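Derivation of every value follows stated rules applied to the coordinates shown; laboratory data play no part. Just so we're clear, the structure is a prediction, and the values are computed from it rather than from any experiment. Counting neighbours? That spans all protein chains shown, and the Cβs are built from the backbone with ideal geometry, glycine included.
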Amino acid sequence: MKAGTRHAGWFMAGATAAALGLLSPVAWAQPKPPQEVYTCIDKTGRRITADRPIADCVDREQRILDHTGAERRRIGPTLTEHERAALEVQRRKEAQERARIAEERRRERVLMARYPDEAAHQVEREAALVQVDEVMAVARKRIQELQVERKRIDGEMEFYRRDPLKAPMKLQRQIAENDEAVAEQQRFLTAQDQEKRRIHQRFDAELAQLRQLWAAQRAAASQLVPPQSTLVSPGASR
């Protein structure tokens, strides 16, 4: 290689290195694209994009995108203390409503497991009424006993029919106690009549609910059963 050519090559290489040295600080100074981009539509319908939370959209949802434009997450509107308290109240109400519905569904499942059909429900209604009838029978028997006892007391009072005030205090006390015992048994019978009405009302309400649940169960079961294929006998096509 000639000396002139060699010197020229060195000169070009040096110039290239110098140019790269001059360009590298400029290259490093180029701004990097933001890692996150905030975007929203403000109350006027204008779309806004920024590299930080947008002040004009504090009252609405903002989407956060990465450098490729894919959505990373969303942030809700910035709420005042009063708005946060109202939101918390609303969330509690919604949670309570979800819990109520879940408890209602659980009770429905228990009710249907206990009463698979109307006959089973009727058997339990009758059993509850029989229990009330049994205690009422005891009360009526007690009233009959008290009536027998009252006849005995009235027989002793015959001696004092002309002047009942002269009857012994013991006899007068027996009359008062007998009257009170009969009245107590009568009050008990009235309460048991009311209990029978409550039983009928409870079972009537249950039956109305159960009929709806049974109907829904049958409808769901009918959807799960595949339609039966029509079988054609070999001779049917002839």
Checklist outcome for this item: Along the stretch 158-171, Karplus-curve 3J(HN,Hα) (6.51, -1.76, 1.60; θ = phi - 60°) to the nearest Hz, with x for Gly and Pro, reads 4, 5, 10, 5, 6, 9, x, 5, 7, 5, x, 4, 4, 5
Next on the checklist: Less than 16 Å apart at the alpha-carbon level, and either on another chain or at least 8 residues along: which aspartates and glutamates does that give for LYS43?
Outcome noted: ASP56, ASP59, GLU61
Checklist entry - So what are the ³J(HN,Hα) numbers for the stretch 57-71, from phi and the Karplus equation (6.51, -1.76, 1.60; θ = phi - 60°), rounded to whole Hz, Gly and Pro as x? => result 10, 5, 9, 8, 6, 10, 9, 10, 10, 8, 5, 8, x, 7, 6
Next on the checklist: Give me the net charge for the shell around VAL123: Cβ to Cβ below 14 angstrom, other residues only, Lys and Arg +1, Asp and Glu -1.
Outcome noted: -3
Checklist entry - Label-point separation (nm) for LEU165 and ARG114, each offset 7 Å from Cα along Cα-to-Cβ? => result 6.1 nm
Item to check | FRET efficiency, 1/(1 + (r/R0)^6) with R0 41 Å, evaluated for ARG187 and ALA95 via beta carbons | outcome: 0.35
Checklist outcome for this item: Scalar couplings 3J(HN,Hα) for the stretch 116-133 by Karplus 6.51 cos²θ - 1.76 cosθ + 1.60 (θ = phi - 60°), nearest whole Hz, x for Gly and Pro, are x, 8, 5, 5, 5, 5, 5, 4, 6, 4, 5, 5, 5, 5, 4, 4, 5, 4
